[in-house]
Each structure stands twice: as structure tokens, then as C-alpha cells.
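**Student:** Just passing along the structure, written as C-alpha cells.
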Amino acid sequence: MRYVRAILFLLSFSACDTDQNTLNPNEKFFVKFYGDEGNHEGVDLLLNDDGSIILLGNSTRTNSTQQIFVLKVDPQGMIIWSRTYGTPLNENAKDIEVLPDGRLLVVGEIEVGPANKDVFAMTISQASGDSLQWIQVGLKNFLNQDTNEEVNSVSLIQGGFIVAGTTTALITETPGPNDIRDGMHLRFTNNLEWIDGSTGVWKNVTGLNNSDDVIQKIIEISPNEYYGFGYTNTDFNGDGQEYNFWVFSLGFSGVPSGSGLYLGRSTEDEILTSVEISPPEAGAGFLLSGITTRSGEVLSYIVKLQNELNFDSEDILDEGNPTSLGVANALIPPITKSIELRQSGFMLLSNVNALSRNQATNFSLSRLTNRLLVNAGNAPIEIGGDGNDFAANLKELPDGRILVMATMTLGRGGENTDQTKMVLMKLNNAGKLAD
Amino acid sequence: MEKWRLFFFVIWMTVFAASQAQVTDCEQILIQADNEFNAGRFYGIPGLLNPCLERGFSDEQKVRAYLILTQTYLILDDPIAADDSYLRLLGADPEYVANPLRDPIDVFYLSKKFTTTPIFTPHFRIGMGISRPRIIYDLSTSGTVLNKREIIKLGYVGGVGVDWNINNNWSVCGELNFSYKAFKQEISGYFTDDRQEVTDQTFWFDVPFYLKYSSDSGNIRPFGYLGFAFNLLTSSSISAEFIDVKSNGQTPTSGSENIGFKRNFLNHSVVFGGGFKYKQGKNFWYVDVRYMAGLSNLSNDQRLYQSEDGGFDPLLTQFQYVGDSFRMDNLSVSVGYIKPIYNPRKKVKPRLSNLFNRKPKSTTNP
């Protein structure tokens with residue numbers, strides 16, 4: 001028996017670690033940088049049912065204009081195809097969706113001239129990455145002058161999609177001094193045909209009186225009702241003009257109906273940066289994420305609204321400022337994205353000002369409780385290299401792990417060796433790169 | 001001054017002559033003992049030889065003297081004294097092997113009861129080697145398959161060991177070696193044209209255990225062995241360089257970092273090898289070629305993307321570095337020195353066979 005035990009003891013050490021008995025680390029975590037020569041920026045990502053991931057970004061090569069950059073990668077982050085699209089002008093991709101027939105839809109802005117950006121939409125074959133269709137739309141003001149359109153998102157609706165953002169093609173012929181921009185919601189068919197507002201079928205622009213109005217996203221509730229989410233500095237309560245989250249309703253022709261809901265403190269400027277629909281497992285609703293500035297400090301601002309809106313304070317399920325994002329700095333994009341997790345809680349992704357610690361801009365991930373509070377056992381995780389790094393978007397995978405897309409600066413920061421690349425990270429459900 | 005030189009010369013000559021006289025005397029004693037043995041006068045032989053055995057005989061003379069004594073005691077039917085004499089003969093020359101053509105047959109049969117095989121044989125070694133990573137999972141920060149080229153880096157090894165000799169041919173051996181192992185990889189294809197160079201440097205304590213078979217005769221004695229090793233990774237670092245290739249030139253970023261926290265401390269491997277020993281006097285020089293095939297993943301997959309404090313690893317953005325999951329093989333060539341510790345003794349059953357003996361059941365009368 002001693003002999004057998006001795007043999008077994010020795011055999012236990014003879015096991016060899018191979019790919020047959022060892023899990024591929026990329027199944028659980030990875031960090032992947034994408035791009036070629038030049039600088040690349042991460043913008044958005046999509047999850048397909050088969051586990052593949054679509055990545056959207058922008059690419060600027062040396063001595064070239066900015067182009068649209070799209071990749072399809074497998075669940076381990078390896079590239080299936082990678083393409084660059086665009087015209088001789090600067091394009092700025094902003095959002096990507098999958099149409100019902102599987103085509104990819106990319107929307108953004110194209111710089112036609114000084115202070116003159118138009119909206120573009122293009123479709124791409126998901127199988128091959130080939131460009132299929134392209135449309136470019138520019139609005140004009142009452143003086144028939146070209147105006148500046150900026151895109152924030154695209155949302156799928158029945159038979160088409162809506163591109164939301166801002167425009168300087170104001171709805172009023174006599175704008176007030178604070179009427180800088182109005183909210184834009186351009187409607188297209190799935191064949192990339194724009195429903196021109198002049199036809200009366202669909203209204204392109206919504207704006208409030210003498211205010212700067214931005215629409216972040218339009219969500220179809222029914223063919224007769226759409227919810228709009230954005231931010232505005234309209235003086236809705238006589239307290240003066242400061243920015244608040246702005247929630248409103250559009251009718252079947254894109255005309256605002258009813259009153260709006262304004263969220264935030266009267267003394268602070270709340271800027272909405274993302275809108276997500278909470279998964280059914282977590283309780284249906286809308287998750288609004290943005291920032292506010294309080295005494296020179298930037299804080300995240302998160303609001304969860306119920307599924308059916310009455311546009312009053314009863315719609316608010318939860319509201320809070322869970323994390324500090326550092327000292328206010330106009331050079332840092334106010335990116336804040338949050339998602340509600342299927343099991344419980346929220347995950348918040350945001351840019352963080354690390355300059356006070358002699359570091360560059362980083363981004364942070366915060367796992368929040370059901371009450372939008374930072375869990376004591378899960379302090380915000382800050383991610384960044386030596387250079388400036390910026391958040392883009394995040395998604396929850398079916399197994400609960402988190403995908404984060406961002407832009408990171410390679411090199412040692414500040415050196416002329418630096419280049420920016422799109423990055424995709426796979427993290428655990430706490431937002432960490434290890435279990 | 002001349003007188004003093006002459007005086008010391010005379011003193012030296014006197015001492016030398018005395019020692020030579022003693023040597024000559026003991027040689028005469030040995031011859032006389034041999035004559036007495038041949039004449040059949042046995043009882044006086046031990047008394048004749050003892051003074052020179054205590055002081056005066058060289059090792060060669062001792063062998064002859066103890067051989068005479070052994071034969072004497074065998075004839076006088078004193079087996080204990082015969083055994084003792086033969087044991088002392090082996091003490092004077094541990095490599096003495098009785099030969100029936102040269103020695104009396106009774107001495108030859110007596111010699112079969114004894115062995116001088118060292119129970120333990122220490123040795124030390126020093127050498128050089130090369131290492132090669134055996135990739136389990138090829139990991140990188142790139143979304144495309146990269147081109148990897150391995151470049152051999154020379155390492156070194158030194159250490160001590162001891163053989164536990166089962167018999168003249170078979171031994172169970174253990175060693176403690178300190179080694180430096182390194183390898184270099186050149187990887188191209190990052191962002192189409194950029195490339196990375198990483199030199200991985202590790203320090204180890206290797207503790208191999210193996211079963212060895214070696215020849216037991218001749219001046220040149222081949223040996224071979226197979227076994228197992230514990231490999232303790234005490235230090236691990238990289239020197240990395242990332243070269244950003246642009247259309248108007250190249251810009252490198254380089255640096256070194258300790259990555260011991262990204263590696264597993266305790267590893268294990270299969271070890272096999274062989275070589276030959278060269279006999280010099282009672283000791284040996286040897287040349288050994290050894291291959292250590294790593295069995296365990298050196299990489300701590302939980303720390304692939306983390307810095308030492310658990311944060312985001314800046315190596316990812318500085319050099320695009322993330323280590324592979326890998327084992328490490330090592331091929332080394334060493335030279336060493338063996339100093340057997342001879343132990344003349346009566347033969348007993350080999351200790352290893354005791355492992356196969358069952359304890360007798362205790363029998364107790366009720």
C-alpha cells in the first residue's frame with residue numbers, strides 16, 4: 001500500500017499543463033488594441049447573439065482625414081474582419097446598430113465645411129464588411145443656409161431608424177440669445193431614405209424657448225409615441241438657466257406632446273451622455289447617465305425612470321451621484337455610461353480626471369448597488385496607462401462578464417511616440433481584470 | 001653562515017635517512033612476513049606486521065600486509081579476524097577487487113561478503129544551457145495573429161548533488177541547482193507594421209530527483225537517468241521594446257520591469273539526461289547533458305493584465321506586453337566533480353528492498 005501511495009504521489013506531479021486541461025485566459029479576460037498606422041478612437045460596440053462583437057470607431061492616418069473604422073471580432077477579441085470607410089472629408093462615427101435583416105447601420109457626422117456638419121448614415125454587410133448604402137443629410141435654417149448637425153445616437157423603430165442629436169437649424173425664425181441649438185431627430189427608412197420634414201410626415205427638430213437643447217436618444221414606444229431623452233438649459237421653473245436632464249414625448253409625426261420632465265438640481269448643470277433600457281430581469285425602465293458639476297468637482301449623475309412615463313416626479317425610481325470624477329476640466333469629454341445588470345445592481349463607466357495625481361485622464365468602472373450606491377466592497381476601478389485614456393461604452397455579456405470599449409494612448413505619455421488605439425476589454429462582473 | 005647551512009643539512013640528512021631506514025625496515029618486515037607465511041609459520045605473523053601496520057606501511061604495503069593476515073587467519077580458522085583484516089584491506093584500497101587468478105580462492109570467496117560501494121556520493125556541477133518556452137496559449141494585445149521569432153539566449157547553472165547508491169550501478173539522486181534561464185521573442189505585426197522585442201529573464205532553484213544507471217568499471221563510465229524536478233522560480237523580469245513603425249521612421253519605447261508576481265513560484269518538470277564519468281584516482285570528473293521538460297504553466301493567469309498592486313498593468317500600453325501561458329524547457333551541458341565516500345562494510349540487503357517487505361503480523365498468545 002505504501003508503494004502504491006508513493007507512486008500515486010509521484011504521478012500527481014507528472015500532470016502536464018496543456019491546452020486540453022487549462023482554460024484559455026482569453027475566455028475570461030482580455031485586453032485588445034485595434035488599429036493600424038495612425039490614431040484610432042473607440043466609439044461604440046454591439047453584441048451579436050453568436051458571441052461576436054461589432055466595434056465602431058474613428059481612424060486618422062498620417063496626412064489623412066478622419067475615417068470610419070469598423071471591426072467584427074470573435075468572443076476572444078480576434079478580428080474576423082476590419083474595414084475603414086469614408087470620403088475625402090472628415091467623418092465622425094457616433095453610433096452603430098444592427099438592422100432587422102442583419103446589416104450594420106452606422107451614423108455620424110461629416111464635416112462639409114467650417115461650422116457645417118451634415119448627418120451621414122451607411123449600411124455595411126455584417127458577413128463581409130462591404131459597404132452597401134450611404135446617405136448624407138444636411139439641414140438648412142430659415143435663411144436657407146447650411147447648418148451644423150451633430151449626432152448623438154441612432155435608434156431602431158418600425159420600418160426604419162431615428163438619428164438623434166442637435167442642429168443649429170432652429171425651429172424658430174427669431175431665436176433668443178440662449179437659443180444656440182435645438183434637438184434633432186431625423187427619421188429614415190431601412191433603405192436609407194430620409195423622411196424630409198418638409199413633407200409634414202415627420203418633424204425633424206424639437207426645441208424649447210430660448211435655450212440650448214440637445215437630444216441624446218429617441219426610443220419608440222409605439223408607432224404613435226416616442227420618448228425623447230436629452231438635456232436643456234431651458235428655464236422651466238423660473239430658477240434661471242442651468243442644464244437639466246430633459247425627458248419628453250413625441251407623437252406619431254415627431255411633434256412634441258404634453259409637458260416635459262426635467263431632472264437635476266436647480267443649482268447645477270446636469271449633462272446627459274447616455275440612455276439605456278434596463279433588462280427585463282432587472283425590472284424594466286430607462287437608465288439615464290450623465291454628469292453634474294458641484295463646487296468645481298465633477299460627479300456622475302444617474303437616474304432610473306419607470307417603463308411607462310407620466311413625465312412627473314413619480315417616474316423616478318432611483319436617482320443619485322454615486323461617484324466623483326475629479327476636478328472639472330473642459331478638455332475631458334463628459335462620458336458617463338451605465339447599464340443595469342441582469343442579476344442586480346449597475347455598472348458605471350466614466351472618464352476620470354487623474355491630472356491632480358500627476359496622471360493623465362483615465363476611465364473608471366464602478367459597480368453600484370440596486371440603490372445606485374457604491375458597494376463598500378467594490379471601490380471604483382480606475383483604468384489607464386501613462387497617457388490620456390477615454391471611455392466609450394460598455395455591455396454586459398450573457399455570463400455576467402463586462403465588455404468595455406475605450407480609447408487608450410500607447411507609449412509612455414507625452415512622448416512623440418504616443419499613438420491612440422481603440423481598446424476592447426473583457427472583465428469580470430465586478431469590472432476587474434482578474435477573478 | 002656557511003656553518004649553519006652545513007648544520008641544518010646534516011640534521012635533514014639524518015631525519016631523511018631515518019625515515020628511509022624505517023621504510024626499508026617495513027618493507028623487510030613485509031617480505032619476512034611473506035616468507036613466514038610460505039614456510040607455514042603462521043602464529044607470529046600478526047605480531048610481526050602490527051608495528052608497521054600502525055605506523056610505517058604505505059597504502060600499497062598495507063594491502064599486501066592485510067592480504068597476508070587475511071590468509072593467515074583463514075588458515076588459523078579465525079573467521080572474525082579474517083573478516084576484520086579483509087575489511088582493513090578495503091579501507092586501505094576501497095577499489096581492491098579480489099581476483100581468483102591472482103588471489104587465493106578462499107580470499108576470493110571471502111571478498112564476496114564485502115562491498116565498498118559508497119552509500120552516498122556527493123558531486124557538484126557547473127554548466128550552461130538554453131531555454132525554450134512551450135506555449136500553451138499564445139496571448140497578446142493584438143486582434144490579429146502575430147509573427148513570433150524566438151532567439152536563443154544563453155543561461156547558466158551550478159549546484160550540488162548527492163547520489164544514494166542502491167548498488168554498483170543504480171542510484172537515486174537528488175540535487176540543488178541555481179540557474180539563470182532566459183529567452184527572447186521578436187514579435188511583428190502589431191498594428192500592421194509595429195513590432196515588439198521581449199527578453200524574459202528568470203532565476204531558479206531547481207531540485208531534481210532521478211533514478212540513475214551508471215557503468216561501474218573502466219576509466220570512462222557512461223551513465224543515464226530519468227526523473228522529476230521541482231523548479232522554484234525566485235525572480236522573473238523582462239526587458240521590452242516596442243517599435244512604432246511610421247512611414248517617416250521608427251520610434252522605439254523600451255524599459256525593464258520585474259514581473260515575478262505574474263509567475264508561479266512552484267513549478268515542476270521531467271528531467272532526463274546522461275553523460276560519462278572519467279576516473280581520476282579514486283574520484284571522477286563528469287560531463288552531463290540534461291533536458292528538463294517543463295510540466296507546469298509558469299504564468300499566473302490571474303495576474304496577466306494586472307500590475308503588482310492589482311491595478312491596470314501599464315506594460316499593456318507601454319510595450320503591448322502580456323505574457324503567454326507557457327511551460328519552459330531547458331537543455332544544459334555541465335561538467336562536474338564526484339568524490340565518492342567509500343564505506344567498506346559487509347553486504348546487507350539493499351535498503352530499497354525494505355520498501356517491499358511487509359511488517360510481520362504480531363502474534364500474541366491469548
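**Student:** Scanning for something part of a strand (DSSP E or B), closer than 24 Å to B:Leu233 by Cβ, free of Cβ contacts under 8 Å to residues at least 60 places away in the same chain and among the polar types (S, T, N, Q), does the range B:128-148 turn up at least one residue? Give the steps one after another, and end with the answer.
**Tutor:** The initial filter retains those residues of the range B:128-148 that are part of a strand (DSSP E or B), namely B:128-137, B:142, B:147-148.
Filter again for closer than 24 Å to B:Leu233 by Cβ, leaving B:128-137, B:148.
Now drop any that are not free of Cβ contacts under 8 Å to residues at least 60 places away in the same chain, which leaves B:148.
Now drop any that are not among the polar types (S, T, N, Q), which leaves none.
No, that holds for no residue.
**Student:** Can you find a residue that is assigned to a helix (DSSP H, G or I), at pLDDT 90 or above and under 23 Å from B:Pro340 (Cβ atoms) anywhere in the range B:58-65?
**Tutor:** yes
**Student:** Those residues that are in a strand (DSSP E or B) and within 12 Å of chain A (Cβ to nearest Cβ), I need them from the range B:284-296; list them, please. Break it down into steps so the answer makes sense when it comes.
**Tutor:** In the first step, residues of the range B:284-296 are kept if they are in a strand (DSSP E or B); the result is B:284-294.
The answer is B:Ala293, B:Gly294.
**Student:** Which condition number does A:Asp74 fail, the rest of (1) of a type in the set (Asp, Glu); (2) in contact (Cβ under 8 Å) with a residue 12 or more places away in the chain; (3) away from chain B (no Cβ under 13 Å); (4) closer than 27 Å to A:Leu397 by Cα being met?
**Tutor:** (3)
**Student:** Just to be sure, is A:Leu309 modelled with pLDDT of 90 or more and surrounded by 23 or more Cβ atoms within 10 Å (Cβ to Cβ)?
**Tutor:** For A:Leu309, the condition - modelled with pLDDT of 90 or more and surrounded by 23 or more Cβ atoms within 10 Å (Cβ to Cβ) - is not met.
**Student:** Check B:Ile259 against each of (1) over 19 Å from B:Glu186 (Cα atoms); (2) in contact with a helix residue (DSSP H, G or I) (Cβ under 9 Å, 6 or more places away or on another chain); (3) away from chain A (no Cβ under 12 Å) and name the one condition it does not meet.
**Tutor:** (1)
**Student:** In the list B:Ser256, B:Ser299, B:Ser247, which residue meets the criterion of being touching a residue at least 24 places away in the same chain (Cβ under 8 Å) and among the hydroxyl-bearing types (Ser, Thr, Tyr)? Don't jump to the end; show me each part of the working.
**Tutor:** Details: B:Ser256 fails: touching a residue at least 24 places away in the same chain (Cβ under 8 Å); B:Ser247 fails: touching a residue at least 24 places away in the same chain (Cβ under 8 Å).
Result: B:Ser299 is the single residue among B:Ser256, B:Ser299, B:Ser247 that is touching a residue at least 24 places away in the same chain (Cβ under 8 Å) and among the hydroxyl-bearing types (Ser, Thr, Tyr).
**Student:** Select the strands (runs of 3 or more DSSP E) contained entirely in the range A:378-435, then report the ones holding at least 2 residues which are within 11 Å of another protein chain (Cβ to nearest Cβ), touching a residue at least 12 places away in the same chain (Cβ under 8 Å) and surrounded by 18 or more Cβ atoms within 10 Å (Cβ to Cβ).
**Tutor:** A:381-383, A:402-410, A:419-427
Conditions (1) within 14 Å of another protein chain (Cβ to nearest Cβ); (2) in contact with a strand residue (DSSP E or B) (Cβ under 6 Å, 6 or more places away or on another chain), marked per residue:
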| site | (1), (2) |
| --- | --- |
| A:Ile79 | yes, yes |
| A:Tyr85 | no, yes |
| A:Val106 | no, yes |
| A:Met122 | no, yes |
| A:Gln126 | no, yes |
| A:Gln136 | no, yes |
| A:Asn141 | no, no |
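**Student:** State which residue pairs qualify: first residue facing another protein chain (nearest Cβ under 7 Å) and without any contact (Cβ under 8 Å) to a residue 60 or more places away in the chain and inside the range B:313-324, second residue of a type in the set (A, V, I, L, M) and not in a loop (DSSP other than H, G, I, E, B) in any location, beta carbons under 7 Å apart, and separation of 6 or more residues or different chains.
**Tutor:** B:Thr317/A:Met408; B:Thr317/A:Leu410
**Student:** With the condition kept exactly as written, say whether any residue in the range A:81-88 is of a type in the set (S, T, N, Q), open to solvent by 40 Å² or more (accessible area, probe 1.4 Å) and in contact with a Leu (Cβ under 9 Å, 6 or more places away or on another chain).
**Tutor:** Yes - at least one qualifying residue is present in the range A:81-88.
**Student:** Take the residues in the range A:247-294 that are of a type in the set (Val, Ile, Thr) and either modelled with pLDDT of 90 or more or crowded, with 21+ Cβ neighbours inside 10 Å (or both), then tell me which one is farthest from the chain's Cα centre (by Cα).
**Tutor:** Let us first name the residues in the range A:247-294 that are of a type in the set (Val, Ile, Thr), namely A:247, A:255, A:267, A:271, A:273, A:275, A:277, A:291-293.
Within this subset, residues satisfying the condition of being either modelled with pLDDT of 90 or more or crowded, with 21+ Cβ neighbours inside 10 Å (or both) are A:247, A:255, A:271, A:273, A:275, A:277, A:291-292.
On the way: A:Val247: 18, A:Val255: 26, A:Ile271: 14, A:Thr273: 7, A:Val275: 8, A:Ile277: 13, A:Ile291: 14, A:Thr292: 17 Å.
It comes out as A:Val255.
**Student:** Right, here's the next one. What is the one condition in (1) within 16 Å of A:Gly57 (Cα to Cα); (2) more than 18 Å from the chain's Cα centre (by Cα) that A:Asn141 does not satisfy?
**Tutor:** Of the numbered conditions (1) within 16 Å of A:Gly57 (Cα to Cα); (2) more than 18 Å from the chain's Cα centre (by Cα), the odd one out for A:Asn141 is (1).
**Student:** Continuing with the same structure: Do any strands (runs of 3 or more DSSP E) entirely within the range A:165-238 hold 1 or more residues that are in contact with a Cys (Cβ under 6 Å, 6 or more places away or on another chain), in contact (Cβ under 8 Å) with a residue 24 or more places away in the chain and within 16 Å of A:Thr273 (Cα to Cα), and if so, which?
**Tutor:** Working: elements: A:182-189, A:213-222, A:225-232.
By residue number, no strands (runs of 3 or more DSSP E) qualify.
**Student:** Which ones in the range A:156-199 are hydroxyl-bearing (Ser, Thr, Tyr) and crowded, with 20+ Cβ neighbours inside 10 Å?
**Tutor:** Listed by number, the residues that qualify are A:Thr166, A:Thr167, A:Thr168.
**Student:** Further question: I'd like to check something: does the range B:134-146 contain any residue that is more than 30 Å from B:Asp93 (Cβ to Cβ), touching a Pro at 6+ places or on another chain (Cβ under 9 Å) and either more than 14 Å from chain A (Cβ to nearest Cβ) or hydroxyl-bearing (Ser, Thr, Tyr) (or both)?
**Tutor:** yes
**Student:** So B:Asp244 clears everything in (1) surrounded by 17 or more Cβ atoms within 10 Å (Cβ to Cβ); (2) in contact with a Ser or Thr (Cβ under 8 Å, 6 or more places away or on another chain); (3) modelled with pLDDT of 95 or more; (4) more than 26 Å from B:Val287 (Cβ to Cβ) except one condition, right? Which one?
**Tutor:** (3)
Every residue, every condition in (1) of a type in the set (S, T, N, Q); (2) farther than 23 Å from A:Thr232 by Cβ; (3) exposed (fewer than 15 other Cβ atoms within 10 Å of the Cβ), yes or no:
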| residue | (1), (2), (3) |
| --- | --- |
| A:Tyr301 | no, no, no |
| A:Ser324 | yes, yes, no |
| A:Val352 | no, yes, no |
| A:Thr361 | yes, yes, no |
| A:Val374 | no, yes, no |
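**Student:** So, one more: Hey, any hits in the range A:139-148 for a residue that's more than 22 Å from A:Gly228 (Cβ to Cβ) and either in a strand (DSSP E or B) or open to solvent by less than 10 Å² (accessible area, probe 1.4 Å) (or both)?
**Tutor:** Within the range A:139-148, one or more residues are more than 22 Å from A:Gly228 (Cβ to Cβ) and either in a strand (DSSP E or B) or open to solvent by less than 10 Å² (accessible area, probe 1.4 Å) (or both).
**Student:** Right, something else. Out of the residues in the range B:180-195 that are under 11 Å from B:Ile152 (Cα atoms) and open to solvent by less than 40 Å² (accessible area, probe 1.4 Å), state the one that is farthest from the other protein chains (Cβ to nearest Cβ).
**Tutor:** Filtering first and then ranking leaves B:Ala182.
**Student:** Continuing with the same structure: Looking at (1) more than 30 Å from A:Thr409 (Cβ to Cβ); (2) open to solvent by 40 Å² or more (accessible area, probe 1.4 Å), can you tell me which one B:Asn258 breaks?
**Tutor:** (1)
**Student:** Next question. I'd like the residue in the range A:407-431 that is farther than 20 Å from B:Asp244 by Cβ and at pLDDT 90 or above and, out of all such residues, is farthest from the chain's Cα centre (by Cα).
**Tutor:** Applying the filter and picking the extreme gives A:Asn428.
**Student:** What number of residues within the range B:217-241 satisfy the criterion of being more than 13 Å from every other protein chain (Cβ to nearest Cβ), open to solvent by 30 Å² or more (accessible area, probe 1.4 Å) and touching a residue at least 60 places away in the same chain (Cβ under 8 Å)?
**Tutor:** 3
**Student:** Anything in the range B:297-346 that is hydroxyl-bearing (Ser, Thr, Tyr) and assigned to a strand (DSSP E or B)? List them, or say none.
**Tutor:** B:Ser299, B:Ser325, B:Ser332, B:Ser334, B:Tyr337
**Student:** Pull up the range B:262-281, narrow it to residues that are at pLDDT below 95 and in a strand (DSSP E or B), then point me to the one that is farthest from the other protein chains (Cβ to nearest Cβ). Spell out the reasoning first.
**Tutor:** Of all residues in the range B:262-281, those at pLDDT below 95 come to B:279-281.
Still in the running and in a strand (DSSP E or B): B:279-280.
On the way: B:Lys279: 33, B:Gln280: 35 Å.
Across the range B:262-281, the extreme among qualifying residues is B:Gln280.
**Student:** Among the residues of the range A:93-109, which ones are open to solvent by 40 Å² or more (accessible area, probe 1.4 Å) and within 30 Å of B:Ser247 (Cβ to Cβ)?
**Tutor:** A:Lys94
The values are calculated or read from the model by the stated rules, or taken from the named source; none is laboratory data. These figures come from a predicted structure and were not determined experimentally. Cβ atoms come from the backbone with ideal geometry, glycine included; neighbour counts cover every protein chain shown. Note: areas computed on protein heavy atoms with side chains; ligands, DNA, RNA excluded. Shrake-Rupley method; radii C 1.70, N 1.55, O 1.52, S 1.80 Å.
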